[in-house]
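Beneath this line is the structure, given in structure tokens, with notes to follow.
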Amino acid sequence: MSTWRPKFITFDCYGTLIDFQMGPAARRVYGGRLSPEVMDGFLESFRGYRFDELLGAWKPYDAVIGNALMRSCKAWNVPFDPTDAAAVYAEIPSWIPHPDVPAGLAKIAGDIPLVVLSNSMTDLIPLSVAKLGAPFHAAYTAQEAQAYKPRQRAFEYMFDSLGCSPADVMHCSSSLRHDLMTAYDMKIGHRVFVNRGHEPGIDFYGYTEITSIAQLPALVGL
């Protein structure tokens, strides 16, 4: 891809910029009760149910986690205790950026406004954005949009808030399912797949692939 200057560079937060630790958090909470074989299947169910919980009417993210864990426990015949879900959710503020993030963002922040669009809550996202090592123009949440990604409504809220069109934006994410498939459908100007190894790429969706935020400045001529 030749260099191109968008009006905004927008980012998924958890997984792309912040090291997403939801699976390890659940492993820490449930690890003493499940065999390794059951644990692997349980975590895969938890991943799938979390995604499914995002697709309906908006609900608080702690309810997303609680419902997904309750459904996983039912699938694997594990007793469900709401305090376990609360313990998993409570770990989110402790998560830190991937090592490549602060320096990569710092090279861009003075030239192009940076924006977060996150499947998060308004009380959580400032704690994470403050760790990213660069100033952000804005950070929008599913709570504000009343919709989680991959729903287009979440992106529409961001575009309306920024006063821009999808064509004005470069959107960066480590997830095709949560972000880049929708970004393709909405004709976002440029799409960047930050390959963190937790989802496979699919070339059909027309993105530029990088493996580190350190590679992002070169895409915009910085």
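The values are calculated or read from the model by the stated rules, or taken from the named source; none is laboratory data. Predicted, not measured: the structure shown is a model, and the values here were computed from it. Note that each Cβ is placed from the backbone with ideal geometry, even for glycine, and that neighbours are counted across all protein chains shown.
A few points about this structure:
- Test: V169 is farther than 14 Å from L17 by Cβ, touching a residue at least 24 places away in the same chain (Cβ under 8 Å) and in the same structural domain as S72 (by TED's automatic domain parsing): no
- S72 meets each of the listed conditions (1) in contact (Cβ under 8 Å) with a residue 24 or more places away in the chain; (2) farther than 25 Å from V129 by Cα; (3) surrounded by fewer than 19 Cβ atoms within 10 Å (Cβ to Cβ) apart from (3).
- Residues being in a helix (DSSP H, G or I) and charged (D, E, K, R) - total across the stretch 10-32: 2
- Of all the numbered requirements in (1) more than 27 Å from G56 (Cβ to Cβ); (2) touching a Phe, Trp or Tyr at 6+ places or on another chain (Cβ under 6 Å), Q146 misses one, and that requirement is (1).
- Meets criteria (at pLDDT below 95 and either out of contact with any Lys or Arg (no Cβ under 8 Å at 6 or more places or on another chain) or not assigned by TED's automatic domain parsing to the domain that holds L34 (or both)) for G104: no
- Check on A87, assigned to a helix (DSSP H, G or I), within 24 Å of A154 (Cβ to Cβ) and small (G, A, S): no
- You will find that of P82, P99, the residue that is under 20 Å from the mean Cα position of the chain (by Cα) and surrounded by fewer than 18 Cβ atoms within 10 Å (Cβ to Cβ) is P99 and no other.
- Per the conditions (1) surrounded by 17 or more Cβ atoms within 10 Å (Cβ to Cβ); (2) part of a helix (DSSP H, G or I); (3) out of contact with any Ser or Thr (no Cβ under 8 Å at 6 or more places or on another chain); (4) of a type outside the set (S, T, Y), the sole criterion not satisfied by G48 is (1).
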